[in-house]
Structure formats: C-alpha cells, structure tokens
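The values are calculated or read from the model by the stated rules, or taken from the named source; none is laboratory data. The model shown is predicted, which means the values in this text are computed figures rather than measured ones. Reconstructed Cβ throughout: ideal geometry from the backbone, glycine too, with neighbour counts over all protein chains shown. Ligands, DNA and RNA are stripped out before the accessible areas are found, and what is left, the full protein with its side chains, is counted by its heavy atoms. Shrake-Rupley method; radii C 1.70, N 1.55, O 1.52, S 1.80 Å.
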Amino acid sequence: MPEKQKIRKKRDTSRKREAILDGAVKVFIEKGYDVSSMDEIADTAGVSKRTVYNHFESKEALFRTVVEDFVRQRDEMKPIEYTRDLPIDQQLKAFAQAELYLIDDPVRRGLSKVLTSFFLIDVTMANEIMGQNNPYAAFIQWLNAAKQDHKLDFSSPELTARIFYGMVEGCLTYPALLSNGESLRTAGPMLDELVSVFLGRYELTQ
C-alpha cells in the first residue's frame, strides 16, 4: 500500500475511534453504563456496530477507555511546577481548577456523574482504573518543593494532599454534581476560603 494511502487510512481510523468515544460519552451520560448498548453507541457515533467492535472488544473495554481519557485530560492540567515567583495561594488554586475541569462543563459534569455512580457500585473496576496512577502525584511533588522553599510545613505529603483534595471535592466537586452546576456560581469565594483554611493549617509563618 502506498505511503499516502497508509496515512489516509490511519487518519480515517483515528477519526472513527474519536467518533466512537464521543458517541459512547453521549450514550453513557444519557442512559448510564448498564442500560447502554453497543448498538446505540454505534448509531450515535455514525458508524457500524462492526466498526465499534473493531476498535473495542467489549462495552467494558470502551468504558475503560472513556474513563482513562477523561482522567488523562484532567491530569494533563496538573503538572504545575512550584515557583517562588507566584503567591502560593494562586498555585494552590491552579490545582483546584484542574480538578474542577471535571465538572465545569455540562458534558464533563454528566460523565462525572456516571463515573461516580458506577464506581460506587463496581469498586473493583474503580480501583483497577483509578489505581493505575497516583492522582496526587503532581500535587505531592509541588508540596515537597513548597516545603523545601520554607513555605509549607507538614509531616506527610500524602496525607496533606488527601486533605486538600478532600476539601476541593467536598466543597466544590460534589455540590456541583448535586446542583447540576448551580453551585459553581459561588465557586470563587468558596475556593478562596478553602485555600485560606488550608494555608492556615500548613503555611509556614516566618
């Protein structure tokens, strides 16, 4: 096969894969995982059912890919390097904003609801998918750099990271899911207060 045809075929395959993933997201949000079918996903994606199975061997495999892509998009926003040139509260807010990426858009918020409900039922799959990487890794690296710069003081970076994200999820993420995004209208003041409370506990006073 000529090289140009190979490139064209690869592009077509990539487009179809993206169409399938987009279709899967729409169907999962509308129907939920259990009720969704590969036929509905194929129809929504505008491809044949055979094409769907050529890319994904099962609905579970497709769902796993949707989740992995979703988490990857969030995590790509998190490699925020510590810098002494920016106020520490601004850097903390950047990590919180990366987490809010999951729920600050109707489609992403809908998918977050599906994932939350599914993972509460299937804890095994949740651990398999989410346990592939440490969701706090980038923040822990940032925490350690801030400590070395004598801006924060803590004994366990892992515990400190869990506390920070627990505050973000409890004060911002879950209220947004329960209110269909209405709570995000007051997210600014809430985030300011959250960061203030966190720094009140961990900031190293000079």
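Numbers at a glance
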item	result
Residues satisfying the stated conditions in segment 34-66, i.e. charged (D, E, K, R) and not in a loop (DSSP other than H, G, I, E, B)	39, 40, 43, 49, 50, 59, 60, 64
Within segment 69-100, considering residues that are among the acidic types (Asp, Glu) and without any contact (Cβ under 8 Å) to a residue 12 or more places away in the chain, the one most open to solvent (accessible area, probe 1.4 Å)	85
Tally of residues being at pLDDT 90 or above, touching a Ser or Thr at 6+ places or on another chain (Cβ under 9 Å) and not charged (D, E, K, R) across segment 55-99	4
Test: residue in segment 75-92 that is farther than 21 Å from residue 170 by Cα and under 15 Å from the mean Cα position of the chain (by Cα)	yes
Subset tally (residues that are closer than 18 Å to residue 198 by Cα, of a type outside the set (Gly, Ala, Ser) and either touching a helix residue (DSSP H, G or I) at 6+ places or on another chain (Cβ under 9 Å) or open to solvent by less than 30 Å² (accessible area, probe 1.4 Å) (or both)) for segment 105-156	13
Members of segment 39-65 found to be in contact with a Lys or Arg (Cβ under 6 Å, 6 or more places away or on another chain) and under 19 Å from residue 110 (Cα atoms), listed by number	44
